[in-house]
Structure formats: C-alpha cells, structure tokens
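Comments concern the structure below.
Rule-based calculations on the coordinates, nothing more; no lab input. Since the structure is predicted, the reported quantities are computational estimates derived from the model, not experimental observations. No Cβ is skipped: glycine too gets one built from the backbone with ideal geometry, and neighbour counts run over all protein chains shown.
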Amino acid sequence: MDAFLAGMATLTDPLILGMILAGTVLGIVVGALPGISGSTTIALLLPLTIGVSPIAALAFMGSVYCAANFGGSITAILVNAPGDPSSSATAIEGYRLAERGQAGLALGMSAVASAIGGIFSVVMLIFAAPLLARAAYSFGPPEYFALAVFGLSMCAAIGGDGRVKNLITAALGVLLATVGIDLTSGVERYSFGIMELSDGINFVPVLIGLFAVSEMLDQSTRRAEEPKLISMDAAKLPTGADFRKCGRAIGIGSVIGAFIGALPALGATTAALVGYNETQRWSKHKHEFGHGALEGVAGPEAANNAAVGGSMVPTLALGIPGSATTAIILAGLIVQGVRPGPHLFNEQPVLLYAVFASMLAANLLYLVLGLGMAKLFARISLIPPTLLWPAVFVLSVIGAYGPNQSMGDVVIMLVAGGVGFLFRRHGFSPAPLIMGLVLGGMLEEALKQSMIIFDQNPLGFAHRPIALLLLAVTLSGLLGPLLLRMLRVVRPQKEAV
Amino acid sequence: MRAQPDRLCAAAVAAVAIAAFAATYGFDEVPPGLAQGLGAAEFPRLVCLVLLGLAVLLALNPASRKPPPRVPAAGWGTMGLAIGFLPLMMVVGMLPAMLVFLIALGWLWGERRRGLLLGSAVGLVAGIWLVFVRLFALSLPGGWLGDRFFS
C-alpha cells in the first residue's frame, strides 16, 4: 500500500507531470501522422529518455504508447488514413460516419471508448501484474526458457505475410543477440574484430533503423496521396443514448483488448481487429455495420487502448514483451539498467506503481485533449510527406548517435534501415526481430543454466510441469495450424474416394 | 513462377544460417577448465539450425504473392542520399550535413516551395542544435571542415 501511494505521489512531481503531458501530446501527434506509429516514435525518442530517471522515462514512453493509439483514430475517422496500424479497424465505420457529417460524434466516441478501455486495462494491470509476478517468483531457468520460447512463438501472429516469416525474423533477432562476448566463456562471437561489436549490438540504433529509417525508405517507393481533411464539427461528447447503444461494444472491446494485449507478442492491432469483429457479432444493430456504425468505432477503440495496459502485464511481470512497442519499452528499460521481471515488484515497487499512475493520467489527459483539440490534431496529418520524412531521417541519425556518441551506431542504424526495408518489401514484419533481439540473451542464459541443472539432459524439462506446459502450448500453437491444414487436405480426398 | 519471391527469400535466409553456422567454427576455443555445459558456439548453432529449418518450410510453402514492385528513381535517390549522408558528415559535420540532406531529400520527393523547404530545414536543424547541443550538451561530429576551422 505504501508503494502504491508513493507511486501515485510521483504524479505531484512537475518533471513527471511534464513528461506525461509531453508524451501524451506527442503520442496523439505521431498517432495522427500516417506512417509514424507509436513504436517508431518511442524508438526514435529512446535516446532522450536515457538522461532522465527510469520513472520519468517510463512515464514518457507509457504516455506515448497510450496516446498514439487514440491519435491514430483521428486521421482514421477524418482522412480514412489510419495514423497508427491499430486504428485500421476504426477507419471502417469512423470514416463512413464522417462522410455522413457525424465526424464530431465519431471522434467523441473514439476518445471516450479509448479512455474507458485504457483505464480498464491499467486497473487490470495494477491487479494482474503483481499476481503474475508472484506466481512467476518461483520460476527457475527452465521455466524462463520455456516462457521466452513461448513469447517468441507468439511472434508468428504479429503481422507481415505469414507465420513462418515472422518466426524467421524472430530467429534472426535471437542470432543477432549472440553477437559480442559470451559472458560465460569470454569468447567473442560474430564480432569479426570490430571493436564496436564486442559489447554486442546496441538495441537503440537497430530499433531506430528497423522502424524509422526503413519506413522512410518504404515511403520513398510509394507516391503518397495528398491527404484530404473531411469537414467536421468539434468532437462531441456522446449522449446517454449513444452510451446505451455502445456500452456493450466498449465492454467487449475492453475485455478482448486487455486479454489479447496480455498475450506475449500480440498487440493493439490484433486486439482492434478482433474487437471490431466481436462487436459486430454481438451487436443488436448489425445492419448498421459497413454504413457508419458508432459501435464499430467504440469496440475497436476500446480494444486497442485496452491492449496497451494488457501488453504491459507480461512486460513488467515477466520481462516478456507483450507487443512490438513494449519490446522497445523493455529495451529502453534495459538501457536504463532496469530488468523487468518478478523481482522488480519486490525491488522497485514504487517504479511500477508510478508507471501505473502515469498511464492512468495519460488516459485521462488524452480524453480531455482529444475532446478539446481533435480538430487541431487532425491538421497534423496535412504536413507534407516531403518535409516529414526527411525530418524523420535526421532525427533518426541524432537518435542513433546520441546515447554512445558513436558513429558505429549510425552505421548500424543505416544497415538496420536497409534490412528493415528489404523485410517490408518481402512481407517480413520487423517487429519479431526486436522480440528476438530483446529475448535472445535471456533465452541463451536460461537454456545454459537449465542444462547445468539437468546435468546436460534435455529430458529434464519433462520433470518441470510449468516449463513442460509452456513448451506443449508453444508446440501446439506452432503445429496446430499445420495439422489443421493437413486435415483439410486429407478430408476432401477421402470424400472424393 | 508466382512463388519465386518467397523461395528467393528462403534461399537468402538459408545462406545466412549456413554462413553463421560455419562462422561458429572460427570462435576461439574455450579452455577445458572453463568448459561447462553449453559452450559459446552451441547456442548460435542451435539457432542457425532452427533458421535453416524455417527457411526450408518457407521454400516448401511459399505464399502466392506478386514480386514487390520496382523501386522508383526517387527510392534509389533516397537510398543514395541516406548512404551519402555519412561521407558528407565526415567532411562538413553533422549539422550542415543534416541541412543539406533535408533540402536535397525534400526536393527529390517533389517539394518545390523553396521558402518552405529552406525554412523548415533551417528550423529543424536549429531546433536540434538547441535541444541536443545546448540543452543535452551533446558534442556532434564537426567533420573535417569543422576540425580545420573551428578547433
């Protein structure tokens, strides 16, 4: 209780409040800019957080993460160009409403549903994360190994063209994590005599290259259309009748979002799409969907913001990222010298409750800002790409150079940008690579320790029920779709016979 | 023919996996006294084998997708400017290189409003100088010219 109150008290610190306000405004702004997602922004601004305390850094990153999802809905509704991938489901009904002259109502419902979903998930985070951490407190290296394997296997569902491609990028990330001196034997691996690689590959330049530079290169191959802002009224607070109509959608979206967010690797985009489908399925006004259903805005918006708090649960309690963005936040914490996991709840409870408090504050703040200034934020989407993307590159250079003041890091960023661009062109999502890079060290360490515990006999995992269960779930998750496909092939053949 | 892009990707991934696997034989030997359990090379080898297996799976189940569209001239130009940024920075320093890059890339992407292009570039570089150099006391590379005339 003392830690909880101390965490809440951090909101009285002007620096923390300033970081939350800056993070929220920045989150809405970048969320509204098509192409620049919350994950790109956090990767880009990660170096700025190194100079401040871990609480301030987490408050800033958490606020950007919370607000970017809402910001994406502004342009999804007004321009039909989701600023953030997680708002793509919102665009389906939101833009139709805007075309019908109800943009203000759609924006108002988006802000309210987002805030309710976000606050619901933070409350869930406050209760679930310590419980999960307590359960994980008894975990040993075998359980952590199995957990990391499970987290990586969940990358299969992240995005891109297919499960195998996502697993390939995740494995490449794990391989990258082995670069540098092996801490147990002192042997240099894959450093090829380059001094900068001896300490391993820094997260920051890789993150910036993969997310920001590769996106700029990708944008250069497409001729972006000039966005057109639909005329609108100011955002309107939904009426009691609107709430009665959308209450079920908000509830469904919040629960689905928090649950999906809590699964390792699955983030806000998946949550929003599932939230939209389920809202439609349980709606009493199914006929409105596709023609501008207000529930179709409320459901996915509640879901994508609920996924934010949900994805922080495994990130903080287990050290396993719940999404691509939390993988970047996790990398930022590691750079700060903080290693999330169950021990963090005993060692630095104030830090955690401060994070919860700042996320609650960010959710309330973007509700106020969203209702009051949505029209102004929407204008941000009109910044010409000819000015925006060169600026992103310049900020990427300074972001990669800043933390270590190393030109080597700028080179790594450029290489990562080129690799990320190739990934995008060929349907590989860059997010699993980050998951692999972040989890790779833990995976190797846990496997080595497990093998020592098991006297080099891998069958030892069979005697650890939790590890065995996690490995079985991983295996069934990976092989399930393959078996289903084989069954589908075999059945028609039998019927034909 | 439709599946060729994914098969090419699979071949590239397999090549990376094989090269990384082979490179593990170049790692230094661990003294027998220190060798305990999995060594420095075993884990990377395991990952390489997983990668190779996934590459085979991708080759066997390629998605039926069209090859990616050709990179237009603006795309190649952007890549050239991004790569050229490094040598330019080594000569003129980071801030002037940023100014040149902002103007050149904006022009390449079709921005012809000179005042807007120049104003936004100068404004951004000035902002970076203010935040990173003045506020965070970051020392940015001055380049050959900077070292010659200002140090």
Once both axes come from the Cα atoms, what is the angle between helix A:324-335 and the longest principal axis of chain A, in degrees from 0 to 90, rounded to 10? 50 degrees
Taking the simple approach of a point 7 Å from Cα along Cα-to-Cβ for both B:A73 and A:V368, what is their distance in nm? 5.3 nm
Could you count how many Lys pairs in the protein assembly as shown have their Cα atoms under 29 Å apart, skipping same-chain pairs fewer than 8 positions apart? 11
Provide the packing ranking of B:90-97, A:357-364, i.e. peptides ordered by the mean count of other C-beta atoms within 10 Å per residue, highest first. A:357-364, B:90-97
Considering every residue in A:165-173, what mean count of other chain Cβ atoms within 10 Å of its Cβ is obtained? 6
Decide, for chain B, between rounded, prolate and oblate: order the square roots of the alpha carbon gyration tensor eigenvalues as a ≥ b ≥ c, take rounded if a/c falls under 1.5, and otherwise choose prolate if a/b is larger than b/c, else oblate. oblate
Shielding by other protein chains, B:136-145, mean Cβ within 10 Å: 2
Mind listing the long-range amide H neighbours of A:S323? Cut-off is under 5 Å, sequence gap 5 or more, other chains count too, H placed in the peptide plane at 1.01 Å from N. A:A265
Burial ordering of B:V133, A:V149, A:V338, fewest other beta-carbon atoms within 10 Å first: B:V133, A:V338, A:V149
Pull up all non-local amide H partners of A:R189: gap of 5 or more, or a different chain, and H-to-H distance under 5 Å with H placed in the peptide plane. A:G180, A:I181, A:D182
At q = 0.09, 0.10 Å⁻¹, what is the log10 ratio I(q)/I(0) for the protein assembly as shown, with the Debye formula run over Cα points and no solvent? -0.76, -0.95
Phi to ³J(HN,Hα) by Karplus 6.51 cos²θ - 1.76 cosθ + 1.60 over segment A:287-303, Hz, x for Gly, Pro: 5, 6, 5, x, 10, x, 8, 5, 4, x, 8, 5, x, x, 5, 5, 5
Let's see if you can work this out: charge +1 on each Lys and Arg Cβ, -1 on each Asp and Glu Cβ, no other charges. What is the dipole magnitude of segment B:59-151 about its Cα centre, in debye to the nearest 20? 360 debye
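When Lys and Arg each count +1 and Asp and Glu each count -1, what net charge do the other residues less than 9 Å away from A:S73, Cβ to Cβ, add up to?
That sum, taken over residues with Cβ under 9 Å, equals -2.
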Treating only the Cβ of Lys, Arg, Asp and Glu as charged (+1, +1, -1, -1), what charge dipole size does chain A show about its Cα centre? Round to the nearest 20 debye. 1420 debye
Given a Förster radius of 35 Å and the C-beta distance between B:R134 and A:L17 as r, what FRET efficiency does 1/(1 + (r/R0)^6) yield to the nearest 0.05? 0.90
By the scheme Lys and Arg +1, Asp and Glu -1, what is the net charge of all other residues having a beta-carbon under 13 Å from that of A:V308? -2
Average other protein chain Cβ within 10 Å of Cβ, residues A:183-191: 6
